[in-house]
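Computed from the coordinates by the stated procedures, all read-outs in this text should not be read as laboratory data. These numbers were taken from a predicted model, which means no experiment stands behind them. Cβ placement follows ideal geometry from the backbone for every residue including glycine, while neighbour counts extend to all protein chains displayed.
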Amino acid sequence: MATFQLDLQSKVDPLLLEVADVVNTTLDLDTTLRRVAELVRKVTDYEIFAILLLNEKTQELRFRFQVGYPPGVVERLRIKVGEGVTGIAAQRREAILVSDVSQDARYISAVPQVRSEVAVPLIVKNRVIGVIDIESPEPNHFTEEHKQLLMLIASRMAVGIENARLYTRTTRQARTLTLLNEIAQELTSILDLDELLKRIAELLSRLIDYQMFSILLLDASGENLQHRFSLRFQENINLKHDIPLGRGVVGYAAQKGEAVLVPDVSKDPRYIESNPETRSELAVPLVYKDRVIGVLDLEHTRRRFFTEEHARTITTLAAQVAIAIENAQLYQQIANQEKRLERDLAMARELQFRLLPQFRPTLATLEIAAKFSPARAIGGDLYDFVNYSQSRMAFVVGDVSGKGAPAAIYAALVSGILRSHAPMEPSPAEMLSAVNYSLSERKIAGQFVSLVYAVWDETERTLRVANSGLPRPIYYHDRKIEIIEATGLPLGLFDDADYDEFTFKASAGDLFVFFSDGMLDASNKDGELFGRERVEKIVLECAANPAESVVESLFKAVAEHASGVETFDDQTVVAVKVKGPVPGK
């Protein structure tokens with residue numbers, strides 16, 4: 001016995017030095033396990049060797065390093081604590097030597113023709129973390145000396161393995177968190193839903209080497225999951241079938257709002273076979289503000305491929321994915337609404353311009369020019385020409401309160417009322433009173449209109465003018481500017497309102513200019529308004545030109561003044577010039 005102890009001690013001292021070297025020089029788990037295998041080979045030359053680490057949650061021993069085992073066994077075999085020689089070694093916390101496994105009922109056959117086995121637990125701080133297991137095709141291959149030396153190696157190396165495992169886990173978690181942060185930042189910047197779903201699949205493959213992947217989103221009813229994106233072995237496929245909430249693994253995950261990890265789908269009654277190759281599945285719900293909006297579904301052809309760590313990682317990512325998807329869906333809804341609005345506005349703009357006169361009236365005694373420019377797609381200004389009998393014609397320029405669609409609709413209403421009264425050929429003051437009465441009958445809060453209404457008599461060459469709040473018109477004659485002092489309350493505000501009427505006897509070359517306050521209120525970058533003085537100055541300078549030139553000059557001057565500033569109000573100008581030779585020329 002003394003000789004055995006002496007011989008054993010002679011082997012222990014150099015072995016301990018090598019063990020200490022392994023423990024102190026590396027924190028890489030794979031390197032540590034490989035060095036353990038090399039140390040064990042110095043004790044006994046093996047053909048079949050394994051280091052199994054314990055999953056504390058499932059109380060199962062799983063292969064982490066092996067030599068001589070068939071690949072299928074390594075991937076599939078899980079040994080419960082208390083089962084088999086290795087399981088009993090872990091349970092009892094002691095080394096077990098079996099000289100002939102064929103005579104031991106505890107033995108679990110994993111490699112053919114094995115006859116002897118030795119299993120030594122790895123213990124750290126009174127906690128089993130795994131087992132070193134060696135097998136041989138020869139009976140009585142392992143001795144008590146082997147057992148003692150293996151126990152010595154296991155007692156020292158258990159700390160090194162645990163430290164390396166913790167370091168590996170911590171490093172992997174740090175890498176995963178960094179990657180999750182990078183993925184989350186990228187996903188939140190993608191607002192196109194189809195592009196986002198494709199990118200989710202690409203980025204997710206950096207975390208898990210899945211083989212099949214789908215993103216399913218709840219439909220509008222909230223009762224069915226619809227496939228929105230699917231990959232099968234890196235190929236994009238189109239799946240049409242919907243999955244009712246609560247049905248299948250994905251339906252269950254959505255209904256319960258929790259991740260579902262299925263190690264073996266053949267043993268889970270919830271599984272619906274849609275892919276014959278599938279062996280394991282992980283379904284993680286997408287939850288946005290406590291509401292499930294869809295599911296991430298991952299599948300693999302290998303049983304037990306997905307782990308609890310995978311489930312935790314994907315669950316963490318799913319929170320960011322849900323936000324990104326919700327943002328993309330909201331953006332898509334807004335984009336669709338904007339497209340519909342743009343189409344509606346384009347149609348409304350076309351209709352509005354069609355409500356304006358399509359042709360200028362042709363009169364023997366007048367040149368007529370007009371232009372309307374809305375501040376937005378559609379506006380609230382209007383102008384019109386109405387034929388009276390006996391060589392008479394009416395001109396109208398209007399400005400509705402507000403801008404955009406409400407103003408345009410109100411302007412259309414005003415145009416309709418004007419047209420309805422025109423057959424009675426009212427005087428300008430009578431027309432304004434009639435429109436005011438009609439608008440007061442159907443009063444709309446905050447809505448009113450300012451109008452200038454004028455009637456030209458070809459025979460008499462007279463222009464009668466009335467105004468209800470529009471800027472006072474300009475009358476050019478005798479080479480000077482005269483302001484038509486026609487004023488009045490806007491239409492639609494008060495039930496009873498009277499309007500003054502002015503009559504002008506015009507000569508050849510005389511010019512009348514009507515305009516909305518959008519021309520006066522156009523401002524430059526310094527906030528300076530275009531103002532009435534500039535309007536009068538341009539009219540005076542261009543009065544000898546055709547009516548069309550007067551209108552274009554006014555719009556050009558206003559545009560130059562307000563260059564770089566968004567147009568605030570609708571702009572309208574109507575110019576009427578009396579034809580014929582100018583007196584004195």
Sorted by chain and number, the residues with a modelled amide H under 5 Å from that of LEU239, at a separation of 5 or more or across chains, are none
Residue by residue through the stretch 194-207, the couplings from Karplus 6.51 cos²θ - 1.76 cosθ + 1.60 with θ = phi - 60°, in Hz, x for Gly and Pro, are 4, 5, 5, 4, 5, 5, 4, 4, 5, 6, 5, 5, 6, 9
Relative contact order of the stretch 188-332 (C-alpha contacts under 8 Å, at least 6 apart) in percent is 26
Explain nothing, just compute: Karplus ³J(HN,Hα) = 6.51 cos²θ - 1.76 cosθ + 1.60, θ = phi - 60°, for every residue of the stretch 361-375 in order, whole Hz, x for Gly and Pro. x, 10, 10, 5, 10, 10, 9, 10, 9, 8, 8, 10, 10, x, 5
With each pseudo-label sitting 7 Å past Cα toward Cβ, what's the GLU235-ARG78 distance in nm, one decimal? 3.2
So what is the relative contact order of the chain, in percent, for Cα pairs below 8 Å that sit 6 or more residues apart? 8
Output ordering of 291-298, 447-454 (per-residue mean of other Cβ within 10 Å, highest first) is 447-454, 291-298
Residue by residue, what Karplus-based ³J(HN,Hα) values in Hz, rounded to whole numbers, does the stretch 104-110 have, using 6.51, -1.76 and 1.60 with θ = phi - 60° and x for Gly and Pro? 10, 5, 6, 5, 10, 7, 10
At the level of C-alpha centres, the distance separating the stretch 48-107 and the stretch 252-301, in angstrom, is 31
Compute the angle between helix 29-43 and the longest alpha-carbon principal axis of the chain, please, reported from 0 to 90 degrees and rounded to the nearest 10. 10
Once Rg/Rh (Cα atoms, Kirkwood Rh) is worked out from the coordinates, which option in (i) 0.97; (ii) 1.10; (iii) 1.40 does it equal? (iii)
Rank the residues SER516, SER99 as a footprinting-exposure proxy: fewest other Cβ atoms within 10 Å of their Cβ go first. SER99, SER516
Could you work out how much longer the chain between THR188 and VAL124 gets when fully extended? Use 0.36 nm per residue separation minus the Cα distance between them, nm to one decimal. 18.6 nm
Filter the GluC sites (Glu not before Pro) in the stretch 532-567 to those in DSSP coil with at most 13 other Cβ atoms within 10 Å of their Cβ, and list the result. GLU566
In degrees from 0 to 90, rounded to the nearest 10, what is the angle of the helix 2-25 Cα long axis to the longest principal axis of the chain? 10
Starting from the stretch 450-559, pick out the trypsin sites (Lys or Arg not before Pro) whose DSSP state is loop and whose Cβ has at most 11 other Cβ atoms within 10 Å. ARG479, LYS525
Scan around GLN571 for amide H atoms under 5 Å from its own, H built in the peptide plane at 1.01 Å from N, and keep only partners 5 or more places away or cross-chain. SER373, ALA375
What's the angle, to the nearest 10 degrees (0 to 90), between helix 144-187's Cα axis and the longest principal axis of the chain? 0
I'd like to compare 200-209, 141-150: which one has the highest average count of other Cβ atoms within 10 Å, and what's the full order after that? 141-150, 200-209
Only Cα pairs under 8 Å and at least 6 apart count here; give the relative contact order of the stretch 429-585 as a rounded whole percent. 23
Amide H contacts under 5 Å for ALA522, restricted to residues at least 5 apart in sequence or on another chain and with H modeled in the peptide plane, are PHE530, GLY531
Which of the GluC sites (Glu not before Pro) found in the stretch 268-318 are in a DSSP loop and have at most 14 neighbouring Cβ atoms, other than their own, within 10 Å? GLU273, GLU277
